[in-house]
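Participant: Below is one structure. I have some questions about it.
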Amino acid sequence: MQIPRLVLVGAGHAHLHVVRHLAAFTRRGVQVMLVDPGCFWYSGLATGMLAGQYPCEADWLDPAPLIEQAGGTFMRDRVDRLDLEAQCAHTAGGTCVPWDAISFNIGSEVATDAIHGAAEHAWPVKPIAGLCRLRYRLVDLFQQHPHPRITVVGGGPTACEIAAGIEQLAHAHGAAIQLRLCSSAARLIADWPARASSALTRELHSRSIRIENDCRIIRCHSDHVEAADGRQHESDLTILATGLRAPSLTGGLGLPADRAHGLHVNACLQSTAHPRIFGAGDCIRFNDRPLPKVGIYGVRAGPILRDNLLAVLRGLPLRPFRPQRRYLVILNLGRDRALAMRGRWWWLGRGPMWWKHWLDHRFMQRHRPHPRPRRRNWQ
Ligand SMILES: Cc1cc2nc3c(=O)[nH]c(=O)nc-3n(C[C@H](O)[C@H](O)[C@H](O)COP(=O)(O)OP(=O)(O)OC[C@H]3O[C@@H](n4cnc5c(N)ncnc54)[C@H](O)[C@@H]3O)c2cc1C
C-alpha cells in the first residue's frame, strides 16, 4: 500500500497548528512535508519590532526544527506551480514534490502595482521580514538627514500602527522627523466606530503625526508622492500600507481564485474545484464570504484544517469552519499605549498594550520549538 503524502505550502498560522499536532498524521503513517522559502514572521509583534520595542529575533521562528522534531520534513523553497494531473507541486528550486493532499497557507501581499511608481519607490509593509530591514533603513535615514520626511500611505489599522511605530523609533533616536499619514478615506479606519477613530486621530496628532484624509496617492516618486487631487508631498521614504491581497500564486494554480481574495474554498476549507486541495489564512476566499485578512482567521482555521486534511486522506467526512464575525484587534501605538477594539467596544491606553504584549508573547512561546533534551554526562 502506498504511503499517503501531505504537503503543506507556507508556514502560516494554520499550518503551524497542523505541525504542532503532527502526531495525528505520523502515527497513521502519513508523510508530511512543509515547504517555505523562509521563516514564520509574526505580524502581532511586527510594528513593535519596527518601533525598536522588540528585537527582530523575537518576531520570527524557524519552522524546520518544529516539523522535523514532530516527525515531518522541511523544504526551504517556494512553490511556484501546481501540476493537478500528476499531483505534484513544482518549486522555484526545480523540485517536483508529489502529494496526495496539499494545503496552501501562503499569506498575502501589498498591491504595489495599484499606485504608479510604488514598486520602485515605496516600501511595502509585507513581507513582515521587510519591516526588520525597514527599521535599519530608518535609523540610517535619521543619521543622514536632519529632518527626514516620511510618508505612510494608507488609513487602516496597519498604516496607523506603522506610523506610530516610526514615531516611537524616531523619538528613541532623538530624530526630528516630519511624518505624514495619507489616507484615501474621510477618516482613519473608516469602518470603526467614529469615536474610536477620533480618539486614534487625537493620539496620532499628539505625536505630531500629520494626517491627510481624502488624500488618495496615485504616484510615488523617489522624493515625493502625488495625490489624485493634485496635492504633492515631499517624501524621503514612503511606506505602503494600503491593504492586503492574496499572493499572485493563488491565481496561477489552475483552480478557481480571484486576485483580491485568493483561492476559492468551501466551508470545509477545500478548493471548490479539487477535493484534495485545501487552503487557510489570508490566501483564501472563504465560502463566498471573503474574510478580513487578519491572523486570527488563520489561527482559528488551524484545528479544522488539521482534521479535514486527515479526514480526506482517510476517506472520512469533513467538518465546516465557522469563522467568528467579531474579533479583537489591538493596535500597538508605541510609547506603551495601544487601542483595543471589538465590535463597537474600544479601549485606548496602557492596559491594552500589556494585554497585547501578553497575548503575542504567549503565541510565540507556544510555537517555539523545544530545545532538544541534552544527554546527561554521567562521568
Ligand atoms: C504590519 C502588519 C501588522 C499586522 N498586525 C496584525 C495583528 O496585530 N493581528 C492580526 O491578526 N493580523 C495582523 N496583520 C495581518 C496579518 O499579517 C495577516 O493576516 C497574517 O499574517 C496572515 O497569516 P497567514 O497564516 O495567512 O500567512 P503568514 O503568516 O503570512 O504566512 C505565510 C507563509 O507562507 C510562505 N509562503 C509565501 N509564498 C509561498 C510559496 N509560494 N511557497 C511556499 N511558501 C510560501 C511565507 O514565507 C510565509 O512564511 C498585520 C499585517 C501587517 C502587514
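The values are calculated or read from the model by the stated rules, or taken from the named source; none is laboratory data. It should be emphasised that the depicted structure is a prediction, and the values quoted were computed from it without experimental measurement. In this analysis, Cβ positions are derived from the backbone assuming ideal geometry, glycine residues included, and neighbour counts consider all displayed protein chains.
Participant: Got a sec? Which of 176, 129, 172, 118 is touching a helix residue (DSSP H, G or I) at 6+ places or on another chain (Cβ under 7 Å), at pLDDT 95 or above and aliphatic (A, V, I, L, M)?
Facilitator: 118
Participant: Has the stretch 253-272 got any residue that is β-branched (Val, Ile, Thr) and closer than 25 Å to residue 123 by Cα?
Facilitator: Checked against the condition, which is being β-branched (Val, Ile, Thr) and closer than 25 Å to residue 123 by Cα, the stretch 253-272 yields no hits at all.
Participant: Hey, residue 271 hits all of (1) of a type in the set (S, T, N, Q); (2) surrounded by 18 or more Cβ atoms within 10 Å (Cβ to Cβ); (3) touching a residue at least 40 places away in the same chain (Cβ under 8 Å) but one; which does it fall short on?
Facilitator: Of everything listed in (1) of a type in the set (S, T, N, Q); (2) surrounded by 18 or more Cβ atoms within 10 Å (Cβ to Cβ); (3) touching a residue at least 40 places away in the same chain (Cβ under 8 Å), residue 271 misses just condition (3).
Participant: Of the residues that make up the stretch 234-248, is at least one within 25 Å of residue 109 (Cβ to Cβ) and surrounded by fewer than 17 Cβ atoms within 10 Å (Cβ to Cβ)?
Facilitator: yes
Participant: If we scan the stretch 206-214, do we find a residue that is aliphatic (A, V, I, L, M) and either touching a strand residue (DSSP E or B) at 6+ places or on another chain (Cβ under 7 Å) or surrounded by fewer than 19 Cβ atoms within 10 Å (Cβ to Cβ) (or both)?
Facilitator: The answer is yes; a qualifying residue exists.
Participant: Considering every residue within the stretch 46-53, establish whether at least one is surrounded by 21 or more Cβ atoms within 10 Å (Cβ to Cβ), touching a helix residue (DSSP H, G or I) at 6+ places or on another chain (Cβ under 9 Å), under 22 Å from residue 162 (Cβ atoms) and hydroxyl-bearing (Ser, Thr, Tyr).
Facilitator: Yes, that holds for at least one residue.
Participant: Taking only the stretch 279-295 into account, find how many residues are under 21 Å from residue 18 (Cβ atoms) and away from the ligand (no atom under 13 Å from the Cβ).
Facilitator: Of the residues in that region, 1 qualify.
Participant: Does residue 111 fit the bill of being under 25 Å from the mean Cα position of the chain (by Cα) and within 14 Å of the ligand (Cβ to nearest atom)?
Facilitator: yes
Participant: Moving on to the next point. Could you give every pair whose Cβ atoms fall below 6 Å, whose first residue belongs to the stretch 239-265 and is closer than 28 Å to residue 215 by Cβ and among the hydroxyl-bearing types (Ser, Thr, Tyr), and whose second residue is more than 9 Å from the ligand (Cβ to nearest atom) and modelled with pLDDT of 95 or more, counting only separations of at least 6 or pairs across chains?
Facilitator: Between residues of the stretch 239-265 that are closer than 28 Å to residue 215 by Cβ and among the hydroxyl-bearing types (Ser, Thr, Tyr) and residues that are more than 9 Å from the ligand (Cβ to nearest atom) and modelled with pLDDT of 95 or more, the close pairs are 242/153; 242/154.
Participant: Then there's this: Just give me the residues in the stretch 296-332 being more than 13 Å from the ligand (Cβ to nearest atom), outside any helix (DSSP H, G or I) and aliphatic (A, V, I, L, M), in sequence order.
Facilitator: Listed by number, the residues that qualify are 316, 318.
Participant: Out of (1) of a type in the set (Lys, Arg); (2) loosely packed, with under 15 Cβ neighbours inside 10 Å; (3) more than 23 Å from residue 41 (Cβ to Cβ); (4) under 22 Å from the mean Cα position of the chain (by Cα), what's the single condition that is false for residue 344?
Facilitator: Checking residue 344 against (1) of a type in the set (Lys, Arg); (2) loosely packed, with under 15 Cβ neighbours inside 10 Å; (3) more than 23 Å from residue 41 (Cβ to Cβ); (4) under 22 Å from the mean Cα position of the chain (by Cα), the one that fails is (4).
Participant: In this structure, is residue 40 of a type outside the set (S, T, N, Q) and within 9 Å of the ligand (Cβ to nearest atom)?
Facilitator: When the stated conditions are applied, residue 40 passes them.
Participant: Something else now. Out of the stretch 40-98, which residues are under 16 Å from residue 127 (Cα atoms), part of a loop (DSSP other than H, G, I, E, B) and of a type outside the set (Asp, Glu)?
Facilitator: Result: 42, 78.
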